[in-house]
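Just below is one structure, and these are the notes that go with it.
The values are calculated or read from the model by the stated rules, or taken from the named source; none is laboratory data. The structure displayed is predicted, hence computed values, not measured ones. Please note: Cβ atoms are built from the backbone with ideal geometry, for glycine as well, and neighbour counts cover all protein chains shown.
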Amino acid sequence: MQAGTSRIAERISSIGVSSTMKVAAEAGKLRAQGVDLVDFGAGEPDFPTPGNIKQAAIRALEQNFTKYTPASGAADLKQAVCERHARDYGTAYTPAETIITVGGKHAIFNLTQALVNPGDEVVIPVPYWVTYKDVVNYAGGKCVFVETDEANGFTLTASLIEKQLTPRTRMVIINSPANPSGALVERIEFERIFKLAADRGIYLLTDECYCRFLYDSEPFSIASLPGAKQTAVVAGSLSKTYAMTGWRIGFALAPAPIVTAMVKLQSHSTSNPTSIAQKAAVEALTGPQDSVTAMLCEYRRRRDYVVARLRAIPGVTCAEPRGAFYAYPNVSVALGRGIRDTLEMAERLLAEARVAVVPGEAFGTDRHIRISYAASMTELERGLDRLHEFIVRNS
Ligand SMILES: Cc1ncc(COP(=O)(O)O)c(C=O)c1O
């Protein structure tokens, strides 16, 4: 028996290290060594947190708002979340149906732990955000993957979901717009998916992390449908919307008994999210929203540039992202000869071309890489020059 490994609890071996975090760590190491690196790996805005939000945190410090808050989050923040959601999407949540979490990821973790029993099936569209798979595995659930068609821009339809529903299905996870593809679930399909799930008593977890970053459609929440609050559970995050990744504030909106269960879990793990960050979050949600509009505008400009540059690389195809800030090009033209798979491609891109990307294997596909265009135009230009040259050289 190997003492070091055998002592780790089994449930930990059911999950892996987040691949996006791995890339970020590797890129950070190289940068610390002074390597001239272009980082397309990080899924975080390159914009600073807006000044009004930072000022609110400073005020919180000066006013000694530095103690525990309720485990479920401060009352004014829960209220602000409900009001913002009502304003943006026309929903009607109350603070009793709201929990503030340590980032959106924590909301998804808590929701999954509160709802999924061992053996329960959870339907996850592919390509998926890495964390869904691991949190479901951690809860002892079984991931049931739904393949989408790249030729249709990875668009998800209700009929694709329906084929995977069984009496054991407990939850369907939808992320629209999606990380890593930028695909959007059309409103009509989203409503059909919701109905399919609701009719069977299946929860629909809607991850709204990128909901404010849509390029050609209006923000929409499935929770705004009449009666949807019974089986739709919302995971939200301030990380991307307000360039607040390091502040770690997210939330969930769900029926009160589910929120109560999540609060119970949270009270024994993190307790409340950081008090100061919660005050900053109140300002983010209630203050001026023009920084969100400005960021969206800039992401759109970058999206257009990145997609055009990727499509100009011989043999590379790229579905048009309709939201979020990722492009997910098919790079199979450079696979199969010298480079085995996208894991090796990402490694060699970093080592040889000094560009950090996330391999598609992390998202459940084997011919893509994820490029985050939450980077300046100068960086995008430099990195895409390098990527272009690398793919041409290896095709
Ligand atoms: C799809 C998706 N959901 C949720 C999150 C959670 O973000 P955070 O925990 O920073 O709020 C992320 C972050 O990358 C994401 O990409």
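Structure values in brief
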quantity	calculated
Every residue from the stretch 97-117 that is more than 14 Å from the ligand (Cβ to nearest atom) and either modelled with pLDDT under 95 or within 22 Å of Gly201 (Cβ to Cβ) (or both)	Glu97, Gln113, Ala114, Leu115, Val116, Asn117
Qualifying residue in the stretch 152-159 (condition: surrounded by fewer than 19 Cβ atoms within 10 Å (Cβ to Cβ), of a type in the set (Ser, Thr, Tyr), touching a strand residue (DSSP E or B) at 6+ places or on another chain (Cβ under 7 Å) and at pLDDT 95 or above)	no
Single unsatisfied condition, Pro257 versus (1) modelled with pLDDT under 95; (2) assigned to a helix (DSSP H, G or I)	(1)
Residue check for Phe47: crowded, with 17+ Cβ neighbours inside 10 Å, under 28 Å from Ala346 (Cβ atoms) and not small (Gly, Ala, Ser)	no
Residue ID - nearest to the ligand (Cβ to nearest atom), chosen from residues in the stretch 323-355 that are under 26 Å from Ser176 (Cβ atoms) and touching an Asp or Glu at 6+ places or on another chain (Cβ under 7 Å)	Thr342
Lone unmet requirement of (1) in contact with a Pro (Cβ under 7 Å, 6 or more places away or on another chain); (2) free of Cβ contacts under 8 Å to residues at least 12 places away in the same chain for Ala294	(1)
Subset of the stretch 206-221 [part of a loop (DSSP other than H, G, I, E, B), within 14 Å of the ligand (Cβ to nearest atom) and in contact with a helix residue (DSSP H, G or I) (Cβ under 9 Å, 6 or more places away or on another chain)]	Glu208, Cys209, Cys211, Arg212, Phe213
Options Lys195, Lys163, Lys229: the member that is more than 28 Å from Arg302 (Cα to Cα), modelled with pLDDT under 95 and not small (Gly, Ala, Ser)	Lys229
Residue count, the stretch 6-57 (criterion: assigned to a loop (DSSP other than H, G, I, E, B) and free of Cβ contacts under 8 Å to residues at least 12 places away in the same chain)	6
Verdict on Val263 being surrounded by 24 or more Cβ atoms within 10 Å (Cβ to Cβ), touching a residue at least 40 places away in the same chain (Cβ under 8 Å) and at negative phi	no
Residue check, Ala254 more than 15 Å from the ligand (Cβ to nearest atom), in contact with a Lys or Arg (Cβ under 9 Å, 6 or more places away or on another chain) and aliphatic (A, V, I, L, M)	yes
Given (1) surrounded by fewer than 19 Cβ atoms within 10 Å (Cβ to Cβ); (2) within 16 Å of the ligand (Cβ to nearest atom); (3) modelled with pLDDT of 95 or more, index of the condition Asn52 fails	(2)
In the stretch 208-230, residue farthest from Leu77 (Cα to Cα) [restricted to those that are surrounded by 22 or more Cβ atoms within 10 Å (Cβ to Cβ) and in contact with a Gly (Cβ under 7 Å, 6 or more places away or on another chain)]	Phe213
Cβ-Cβ under 6 Å pairs, at least 6 apart or on other chains, the stretch 95-120 side more than 20 Å from Ala75 (Cα to Cα), far side assigned to a helix (DSSP H, G or I) and more than 16 Å from the ligand (Cβ to nearest atom)	Gln113/Leu265; Ala114/Ile258; Ala114/Ala261
Filter result (among the hydrophobic types (A, V, I, L, M, F, W, C) and over 23 Å from Gly104 (Cβ atoms)) within the stretch 23-52	Leu30, Ala32, Val35, Leu37, Val38
Test: residue in the stretch 342-361 that is part of a loop (DSSP other than H, G, I, E, B), in contact with a helix residue (DSSP H, G or I) (Cβ under 6 Å, 6 or more places away or on another chain) and within 26 Å of Tyr299 (Cβ to Cβ)	yes
